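J.: Please read through the structure below; I'll follow up with questions.
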Amino acid sequence: MAFINRAEGFYTTGVDIFKPYLMSAKVGKFHDDYILCDARALPIRRKSFDVVVCLEVLEHLARREGKELMRTMEQIARRQVIVTTPAGIYEQRPLDHNPFQEHKYIWTPSDLKSLGHRVMGTGIRGVGGDCGISARTGRIFDIILYPIYVLAGLFTYFLPSLSGHMVSVKTLSNESHYFARRHVLHPFSDLRMWATLVRVP
C-alpha cells in the first residue's frame with residue numbers, strides 16, 4: 001500500500017488481527033491509521049470508506065466466515081471492493097508464529113463470480129503454498145520460476161481457473177469507474193495485511 005499511495009492521494013487505514021504485523025506496517029508507514037482487530041468483526045461504520053481492499057485474507061477464514069466478510073466489506077465500501085486470494089490447491093500452515101496464517105478455505109472463480117465480482121487471474125496454479133513447486137525448489141524458484149509465474153499471468157488473467165492467484169473487483173457505485181482507471185492495485189503489494197480500507201480525502 002505504501003507503493004500504491006506514494007503520491008499520498010488516499011487516506012488509508014490498515015487492519016490486522018496479528019499485532020506484530022500491524023506494528024511492522026506502522027513502522028513502514030504503510031498507512032495513515034491502524035486498527036488491531038479481527039476482520040470477522042470490523043468496528044467500522046457503514047459506507048465510511050470509498051474502497052475496501054482485502055489482500056490475501058479470505059483463504060484464512062472458513063467459507064461461511066469469508067462470505068460474511070465479503071458482505072461486511074460491501075456495507076463498509078461506498079464505491080468498490082477489491083479482493084486478492086489464492087486459487088486452486090494452496091495449503092499453508094501457520095508461519096511467523098502467527099496461528100492466523102493457516103489456510104482454511106480456497107475460493108474458486110465461481111465462488112467470487114456468484115457474489116457479483118469480476119475475476120481476473122495472475123500467475124499459474126500449483127506453484128505457491130506448502131505443497132506447491134516453490135516449496136520444493138526454494139531459491140531456484142526465485143531466480144528461474146518466478147519470472148515464468150509472472151509471465152503466465154498474461155494468459156491466466158483471462159483464465160482465472162488456471163491461475164495461482166485471483167484478483168476480484170465488485171463495483172458498488174458508478175462513481176468508482178473513474179477511480180478504478182486511475183489507480184491499479186497490485187495483488188501482492190502487502191500480503192501481510194488482513195484488510196486495507198481506502199478513503200479519498
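The values are calculated or read from the model by the stated rules, or taken from the named source; none is laboratory data. What you see is a predicted model, and the numbers here were worked out from it, not measured in a lab. A quick note on method: Cβ atoms are made from the backbone with ideal geometry, for glycine too, and the neighbour counts reach across all protein chains shown.
J.: Quick one: which of F155, F141 is more than 30 Å from R78 (Cα to Cα), at pLDDT 80 or above and not aliphatic (A, V, I, L, M)?
T.: The unique qualifying residue is F155.
J.: Any idea which of (1) more than 25 Å from T171 (Cβ to Cβ); (2) surrounded by 14 or more Cβ atoms within 10 Å (Cβ to Cβ); (3) of a type outside the set (D, E, K, R) is the one V27 doesn't satisfy?
T.: (2)
J.: Moving to a separate point now. Before we move on, is E74 under 15 Å from L42 (Cβ atoms) and at pLDDT below 95?
T.: Yes.
J.: Out of all the residues in the stretch 77-97, which are assigned to a strand (DSSP E or B), at pLDDT 85 or above and of a type in the set (A, V, I, L, M)?
T.: Answer for the stretch 77-97, where residues must be assigned to a strand (DSSP E or B), at pLDDT 85 or above and of a type in the set (A, V, I, L, M): A77, V81, I82, V83.
J.: For the subset of the stretch 98-123 comprising residues that are assigned to a helix (DSSP H, G or I) and within 19 Å of D16 (Cβ to Cβ), which member is modelled with the lowest pLDDT?
T.: F100
J.: If a residue must be among the aliphatic types (A, V, I, L, M) and more than 16 Å from the chain's Cα centre (by Cα), how many such residues does the stretch 43-61 contain?
T.: Number satisfying all stated conditions: 1.
J.: Residue by residue through the stretch 18-37, note down the ones that are under 22 Å from R71 (Cα atoms) and either modelled with pLDDT under 85 or out of contact with any helix residue (DSSP H, G or I) (no Cβ under 9 Å at 6 or more places or on another chain) (or both).
T.: C37
J.: I've got another one for you. When only residues in the stretch 30-52 that are in contact (Cβ under 8 Å) with a residue 60 or more places away in the chain and in a strand (DSSP E or B) count, which is surrounded by the most Cβ atoms within 10 Å (Cβ to Cβ)?
T.: V52
J.: Restricting to the stretch 73-105, what's the tally of residues that are at positive phi and acidic (D, E)?
T.: Matching residues across the stretch 73-105 total 1.
J.: Kindly indicate whether any position in the stretch 92-99 is more than 14 Å from the chain's Cα centre (by Cα) and surrounded by 17 or more Cβ atoms within 10 Å (Cβ to Cβ).
T.: The answer is yes; a qualifying residue exists.
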